[in-house]
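Trainee: Encoded as structure tokens, here's the structure I'll be asking about.
The values are calculated or read from the model by the stated rules, or taken from the named source; none is laboratory data. Here the structure is a predicted model, which is why all the values come from computation and not from measurement. Counting neighbours? That spans all protein chains shown, and the Cβs are built from the backbone with ideal geometry, glycine included. The accessibility values were calculated without ligands, DNA or RNA, using every heavy atom of the protein model including side chains. Shrake-Rupley method; radii C 1.70, N 1.55, O 1.52, S 1.80 Å.
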Amino acid sequence: GEGDSWPCCRWGHSMVVVDGGRVVVFGGESQDATCADVQVLDTRTWRWSSVQCTGECPERRFGHSCIYYNGNAIIFGGSRGPGYYDDLCCLDVEKWHWWRPPCTGNAPVKRSSHSMTVVGNKGF
């Protein structure tokens with residue numbers, strides 16, 4: 001469910017525009033902790049909501065990248081302290097369900113503070 005919430009101050013989070021005039025914020029680093037929450041801004045009402053998601057939520061992180069494609073906010077990489085990630089996690093923004101796609105081939109090396117974009121049907 002959703003409830004009124006104002007996101008805590010943070011840096012290194014991702015923010016992506018999805019369907020329906022919504023903006024999804026994930027993760028980041030706050031003064032007190034590394035975050036793994038999902039916050040949504042409805043740009044029609046300018047109201048923030050905190051969303052409780054199902055599925056396997058990605059580990060807390062900052063410095064990751066995020067794109068929106070085919071109904072999913074897709075998260076890649078990032079960091080939590082000294083370690084880096086090379087995982088890919090998808091959030092279905094209609095069901096608010098996290099899932100991991102069955103990727104094949106060689107994953108990009110672990111990284112943080114990078115960007116990602118969609119060109120056609122590919123993420124770079």
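Trainee: With the cut-off at 1.5 for a/c, could you classify the stretch 12-84 from its C-alpha gyration tensor as rounded, prolate or oblate?
Mentor: prolate
Trainee: For ASP92, what accessible surface area do you get with a 1.4 Å probe? Give it in Å², rounded to 10.
Mentor: 40
Trainee: Further question on the same structure: What FRET efficiency comes out for TRP11 versus THR104 if R0 is 30 angstrom and r is the Cβ-Cβ distance? Round to the nearest 0.05.
Mentor: 0.35
Trainee: What is the distance, in nm, between label points placed 7 Å from the Cα along the Cα-to-Cβ direction at ARG22 and at CYS57?
Mentor: 1.6
Trainee: A further question follows. Counting only C-alpha contacts under 8 Å and six or more residues apart, can you give the relative contact order of the stretch 1-50 as a whole percent?
Mentor: It rounds to 38 percent for the stretch 1-50.
Trainee: Okay, moving on. Skipping prolines and chain starts, which residues have an amide H placed within reach, meaning under 5 Å, of the one on VAL38, given they are 5 or more residues away or on another chain?
Mentor: VAL51
Trainee: Under the 0.36 nm per residue contour assumption, what length would be gained going from the current alpha-carbon distance of TYR69 and ASP92 to full extension?
Mentor: Additional length available on full extension: 7.3 nm.
Trainee: If you find the alpha carbon centre of the stretch 85-124 and of the stretch 1-77, how far apart are they in angstrom?
Mentor: So the separation of the two Cα centres works out to 15 Å.
Trainee: Any idea how far apart TRP46 and HIS114 come out in nm if each label point goes 7 Å out from Cα toward Cβ?
Mentor: 3.7
Trainee: Further, regarding this structure: Express the carbon and sulfur contribution to the solvent-accessible surface of the chain as a percent, rounded to the nearest whole number, probe 1.4 angstrom.
Mentor: Its accessible area is 52 percent carbon and sulfur atoms.
Trainee: Under a 1.4 Å probe, what is the accessible area of the chain per residue, stated in Å²?
Mentor: Numbers: 7300 Å² over 124 residues.
Result: 59 Å² per residue.
Trainee: For the stretch 74-89, what does the Karplus curve 6.51 cos²θ - 1.76 cosθ + 1.60, with θ = phi - 60°, yield as ³J(HN,Hα) per residue in whole Hz, taken in order and with x for Gly and Pro?
Mentor: Each residue's phi maps through the Karplus curve to give 10, 9, 9, x, x, 8, 9, x, x, x, 10, 10, 10, 8, 10, 10 Hz.
Trainee: Hey, if you put +1 on the Cβ of every Lys and Arg and -1 on every Asp and Glu Cβ in the chain, which of HIS13, VAL24, TYR85 ends up farthest toward the positive end of that dipole?
Mentor: With unit charges placed on the Cβ atoms, the residue in question is TYR85.
Trainee: I need the trypsin sites (Lys or Arg not before Pro) found in the stretch 79-121, filtered to DSSP loop residues with at most 16 other beta carbons within 10 Å of theirs.
Mentor: Listed in order of number, the matching sites are LYS95, LYS110.
Trainee: Rounded, prolate or oblate for the stretch 67-124? Axes are the square roots of the Cα gyration tensor eigenvalues, ordered a ≥ b ≥ c, and the cut-off for rounded is a/c under 1.5.
Mentor: Note, shape of the stretch 67-124 comes out prolate.
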